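Student: Have a look at this one before I ask anything.
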């Protein structure tokens with residue numbers, strides 16, 4: 001609503017916007033095949049490479065990062081707990097279970113069908129998480145993320161067991177470990193549905209901010225609490241499922257990005273939600289570029305890089321002194 | 001009463017050991033028996049190490065739902081292992097005797113564990129925060145481990161995959177001799193420290209009042225835990241919730257936290273579950289490789305129950 | 001007018017409220033008093049539809065709370081719970097602005113802005129408006145929450161122990177503000193109070209509850225007497241009269 005004029009958020013916005021632009025351009029020109037900047041648009045081969053591989057890959061990273069950051073933000077809002085995200089609360093694992101089931105029972109299903117099944121399973125798994133998490137005592141805020149981690153772990157163990165029996169461990173590795181190296185034109189476009197979800201989240205930003213005040217305050221302000229809960233769950237589940245199916249799950253994005261943005265700009269989502277999306281995109285794209293460069297010409301999957309970068313950021317968030325001011 | 005129950009546990013472990021050795025025995029009996037005996041030694045060592053290290057770790061942290069692996073110690077071991085390869089790979093490290101390498105890895109784990117956990121214990125973190133930090137440490141070190149693995153060998157898909165779950169079927173028998181020495185030494189120290197552990201479980205203030213030099217004792221106990229974790233992780237790989245399951249069961253069975261009773265009870269429960277479970281899976285269910293996953297599954301559920309029920313009280 | 005008819009409530013097989021019927025007329029300040037566990041907060045939650053009705057009926061200005069659309073009710077009744085925790089990092093002005101949400105669905109008009117500034121001023125928050133909620137003291141936070149409920153601009157205001165965390169100055173200040181909106185703007189205030197003397201000094205009517213029942217109900221002069229108070233709270237307390245007003249010496 002009315003964001004008090006302060007230079008800090010503005011500076012953050014400029015840095016995030018500029019950073020994403022620089023990352024976007026560098027991502028187009030970093031890779032195994034040489035793509036000199038000067039000839040990129042004159043040489044037809046180079047242009048082909050740009051359009052078929054580099055641009056789709058960059059867009060996929062941007063879409064995945066923005067989506068995951070928003071999904072994390074919404075989960076934190078709905079759980080009223082800053083330390084949950086789809087990858088650590090059973091959402092991603094449930095999505096894996098869904099897609100595994102479809103792959104086993106109906107191998108001919110299209111990617112869209114698989115995504116739908118994964119979304120449904122993710123919705124179910126996340127709803128169960130929330131039903132249980134709301135019973136945990138609010139006096140111990142760390143129990144909720146802990147419960148989520150183990151809950152996800154148990155579903156993950158079940159998924160691994162089934163995949164093992166069915167000899168599908170190779171697939172499982174693809175779904176559980178985010179990697180953009182296989183992204184080509186024609187194989188990532190489903191992620192645009194995630195962009196739609198981000199837009200939906202933007203549209204209901206005010207309502208989400210109120211949700212964060214709790215059930216009683218929301219109802220007191222005339223909000224359809226149960227309805228918003230459903231919308232939030234659907235956004236989270238669809239984004240998580242899309243990521244699992246198309247590029248594989250990337251951990252920590254949904255956790256660290258909303259926390260850092262909240263620390264700098266506060267929680268009035270009307271003002272901050274675009275920066276959450278932008279920073280998520282930047283973080284994932286940055287990690288993907290690191291993964292491409294660190295062992296050049298080989299590639300390290302973005303999921304692995306994010307496990308290190310995101311894990312370190314998360315521990316920093318956990319042990320920093322509480323923010324004031 | 002506790003003595004009777006320990007006797008029952010002992011009988012059960014003997015039973016599972018005998019079953020493990022004899023069921024389905026055919027062909028060259030001497031050869032098969034020897035093979036099985038080696039595997040039995042490894043499995044029971046793993047069961048005992050995990051059980052005992054979990055009991056000690058829970059006592060030191062004053063927290064009944066943590067285990068060394070939930071706090072990321074096994075991930076730390078794998079990371080240390082990979083870091084050694086990464087740092088010394090050029091110096092012919094890979095060609096060294098495996099027992100010697102193992103010794104180096106144990107030392108690295110001890111140092112890393114003390115460096116990470118002592119500050120955490122000293123700052124008396126809230127239980128939930130400590131657990132959460134531990135779990136994230138685990139993810140971080142697992143990621144670092146696979147990052148290093150890929151840096152060393154970019155096509156190392158198998159390494160990463162193999163490190164994610166314990167496989168009780170592919171035991172590293174080449175490390176067995178050294179591991180056995182380490183385990184037995186650690187068990188002797190743990191047994192002699194059983195009364196000290198009882199005092200430590202009262203918390204740092206009371207224990208200090210009763211004449212324990214807190215920081216030195218805790219450091220010593222962490223070193224002990226590290227060596228046991230190193231043994232079990234080196235032999236079969238990481239297990240997340242097995243220790244929790246074993247100790248929770250053992251404590252329920254003997255109904256005491258006194259270490260003179262709990263330590264042997266937990267060790268025996270570990271043997272029963274691991275050796276008995278392996279026998280069952282090998283002969284009854286026909287797929288021995290998935291025991292690790294099944295244990296994770298039930299251990300995880302046990303953890304969730306402890307968390308939800310424990311927080312209700 | 002708030003009309004409560006034959007309302008009972010049980011939670012997890014524990015009966016909380018027994019067959020309560022009560023009418024709160026439009027206008028004025030009504031105080032709910034009673035010992036801990038009497039069911040005051042539960043009754044307030046039921047009126048504010050935070051808790052679903054199990055038996056009986058409640059209506060506000062003729063609108064049944066269980067079937068009227070939530071958004072319509074949000075323009076008629078505002079509630080402040082006693083255990084409101086704000087975990088979000090919001091600035092005071094942002095939080096108070098959300099009181100206008102039922103009216104504008106997020107798009108602030110000039111009228112909204114005026115009302116927001118008024119509420120901030122009324123609760124002495126103008127200087128704190130740019131601060132994050134989590135940097136405030138408990139009392140300041142409580143004032144921000146009351147300001148948000150005020151800002152909702154409803155005819156009915158339900159407050160569950162709003163004096164918690166407030167020092168003497170702001171407790172008196174809040175009660176005077178409530179009196180002022182009741183007298184000046186014709187609003188209806190229903191407030192759960194623990195301080196019986198605050199109720200005596202500022203309420204038009206006191207409703208006493210005990211063990212899930214309304215056991216006494218009347219103007220302060222009728223209620224603040226030794227026998228009635230003994231009935232409600234279980235011990236005898238002296239009642240003095242100063243400047244014609246009853247003062248309960250409950251602490252002696």
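Student: Can you order the peptides C:119-125, C:223-229, B:204-210 by their average number of other Cβ atoms within 10 Å per residue, highest first? Don't skip to the end; give the middle numbers.
Tutor: Numbers: C:119-125: 19.9, C:223-229: 17.9, B:204-210: 13.6.
Most protected by this proxy first, the peptides run C:119-125, C:223-229, B:204-210.
Student: Can you tell me what share of the DSSP beta bridges in chain C is antiparallel? A percent to the nearest 5 is fine. Mind dumping the intermediate values first?
Tutor: Details: 25 of 43 bridges.
Around 60 percent of the beta bridges assigned by DSSP in chain C are antiparallel ones.
Student: Just need the relative contact order of chain A here, percent rounded to a whole number, with Cα pairs under 8 Å and 6+ apart. Kindly include the intermediate steps, with their values, before the conclusion.
Tutor: Values: 490 pairs, mean separation 100.7, N = 325.
Result for chain A is 31 percent.
Student: What shape does the stretch A:19-142 have by the C-alpha gyration tensor, where a ≥ b ≥ c are the square roots of the eigenvalues, rounded means a/c under 1.5, and otherwise prolate means a/b greater than b/c and oblate the rest? Mind showing how you got there, number by number?
Tutor: Values: a/c = 4.57, a/b = 1.76, b/c = 2.60.
Oblate, since a/c reaches 1.5 and b/c is not below a/b.
Student: Another question about this same structure. Compare the peptides A:165-172, A:247-254, B:177-184 by average per-residue count of other Cβ atoms within 10 angstrom and give them in order, highest first. List each step's numbers first, then the result.
Tutor: Values: A:165-172: 14.1, A:247-254: 29.1, B:177-184: 17.2.
Output ranking for A:165-172, A:247-254, B:177-184: A:247-254, B:177-184, A:165-172.
Student: Evaluate the relative contact order of chain B (contact order divided by residue number), counting alpha-carbon pairs under 8 angstrom at least 6 apart; express in whole percent. The partial results should precede the final answer.
Tutor: Numbers: 385 pairs, mean separation 111.2, N = 313.
The value is 36 percent.
Student: Which shape class applies to the stretch A:129-244: rounded if a/c is under 1.5, otherwise prolate when a/b exceeds b/c and oblate if not, where a ≥ b ≥ c are the square roots of the Cα gyration tensor eigenvalues? Before the final figure, lay out each step's value.
Tutor: Working: a/c = 3.16, a/b = 1.40, b/c = 2.26.
Since a/c reaches 1.5 but b/c is at least a/b, the shape of the stretch A:129-244 is classed as oblate.
Student: Given the options A:213, A:55, A:233, which has the most mean-square fluctuation in a GNM of chain A, springs set between C-alpha atoms less than 10 angstrom apart?
Tutor: The residue that fluctuates most here is A:213.
Student: Choose one answer from B:255, B:28, B:63: the residue with the largest mean-square fluctuation in a GNM of chain B with alpha-carbon springs under 10 Å.
Tutor: Greatest mean-square fluctuation among the candidates belongs to B:28.
Student: Which angle from 0 to 90°, rounded to the nearest 10, does the C-alpha axis of helix C:168-185 make with the longest principal axis of chain C?
Tutor: The two axes meet at around 80 degrees.
Student: For the stretch B:173-197 and the stretch B:27-86, what is the separation of their Cα centres, given in Å?
Tutor: 12
Student: Other chains' Cβ within 10 Å of A:260-272 residues: what's the mean?
Tutor: Details: counts 0, 1, 2, 1, 1, 1, 8, 11, 9, 2, 2, 1, 1.
Taking the mean over all residues of the peptide, I get 3.
Student: For the stretch B:208-235 and the stretch A:74-103, compute the distance between their C-alpha centroids and round to whole Å.
Tutor: The stretch B:208-235 and the stretch A:74-103 have Cα centres spaced 36 Å from each other.
Student: What's the FRET efficiency of residue B:309 with residue A:113 using the Cβ-Cβ distance as r and R₀ = 25 Å, to the nearest 0.05? It would help to have the intermediate numbers written out before the result.
Tutor: Working: r = 40 Å, r/R0 = 1.59.
Taking R0 as 25 Å, the efficiency between residue B:309 and residue A:113 is 0.05.
Student: Given the options B:22, B:59, B:233, state which has the largest fluctuation in a GNM of chain B using a 10 Å cut-off (strictly under) for Cα springs.
Tutor: Result for chain B, Cα springs under 10 Å: B:22 fluctuates most.
Student: Would you list A:274, A:114 from fewest to most Cβ contacts within 10 Å? Can you show the working numbers first?
Tutor: Working: A:274 19, A:114 23.
Arranged by neighbour count, lowest to highest, A:274, A:114 become A:274, A:114.
Student: Relative to the longest principal axis of the C-alpha atoms of chain C, give the angle of the C-alpha long axis of helix C:110-122, reported between 0 and 90° and rounded to the nearest 10°.
Tutor: Its long axis makes an angle of about 50 degrees.
Student: Taking a virtual spin label 7 Å from the Cα of residue C:5 along the C-beta vector, which residues in the stretch C:52-92 bring their backbone nitrogen under 16 Å of it?
Tutor: Correct set: C:53-68.
Student: Taking the Cβ of each residue in C:179, B:252, B:150 as the centre, tally the other Cβ atoms inside 10 Å and list the residues starting with the fewest. Before the final figure, lay out the partial values.
Tutor: Numbers: C:179 17, B:252 10, B:150 23.
In order of increasing Cβ crowding within 10 Å: B:252, C:179, B:150.
Student: Can you put B:153, C:83, C:134 in order, fewest other beta carbons within 10 Å first? Show your work: numbers first, answer last.
Tutor: Numbers: B:153 14, C:83 11, C:134 17.
With the fewest neighbours first, B:153, C:83, C:134 line up as C:83, B:153, C:134.
Student: Using Cα pairs under 8 angstrom and six or more residues apart, how large is the relative contact order of the stretch C:108-201, in percent?
Tutor: Numbers: 72 pairs, mean separation 25.6, N = 94.
This gives 27 percent for the stretch C:108-201.
Student: While we're here: For the stretch C:97-205, max minus min Cα coordinate along each principal axis, in Å, sorted largest first?
Tutor: Principal-axis extents of the Cα atoms in the stretch C:97-205, largest first: 41, 33, 18 Å.
Student: In addition: When a/c is below 1.5 the answer is rounded, else prolate if a/b is larger than b/c, else oblate, so apply that to chain C with a ≥ b ≥ c taken from the square roots of the Cα gyration tensor eigenvalues.
Tutor: Working: a/c = 1.81, a/b = 1.29, b/c = 1.40.
Because a/c hits 1.5 or more and a/b fails to exceed b/c, chain C counts as oblate.
Student: What 222 nm value per residue comes from the helices of the protein assembly as shown, counting each DSSP H run with n ≥ 4 as -39,500 (n - 2.57) and dividing by all residues, nearest 500 deg cm²/dmol? Let's see the in-between values first.
Tutor: Values: 37 runs with 542 residues, N = 890.
After summing the helix terms and dividing by the residues of the protein assembly as shown, the value is -20000 deg cm²/dmol.
Student: May I ask for the distance between the Cα centers of the stretch A:237-287 and the stretch A:141-201, given as a whole number of Å?
Tutor: 15
Student: Take peptide C:69-82, look around each residue's Cβ out to 10 angstrom, count Cβ atoms belonging to other protein chains, and average those counts. Please list the in-between numbers first.
Tutor: Numbers: counts 2, 10, 4, 1, 3, 6, 1, 1, 2, 3, 5, 3, 5, 0.
That works out to 3 on average.
Student: Suppose each label sits 7 Å from its Cα in the direction of the beta carbon; what would the residue C:215-residue B:152 distance come out to in nanometres?
Tutor: My value for the distance between the label points is 7.6 nm.
Student: Give me the base-10 log of I(q)/I(0) for the protein assembly as shown at each q in 0.06, 0.08 Å⁻¹, Debye formula, one uniform scatterer per Cα, rounded to two decimals.
Tutor: After summing over all Cα pairs, the log10 values are -0.51, -0.85.
Since every read-out is calculated from the coordinates, none of them should be taken as a lab result. Since we're looking at a predicted model, the values are computed, not measured. Here Cβ is always computed from backbone atoms with ideal geometry, including for glycine, and neighbour counts include all displayed protein chains.
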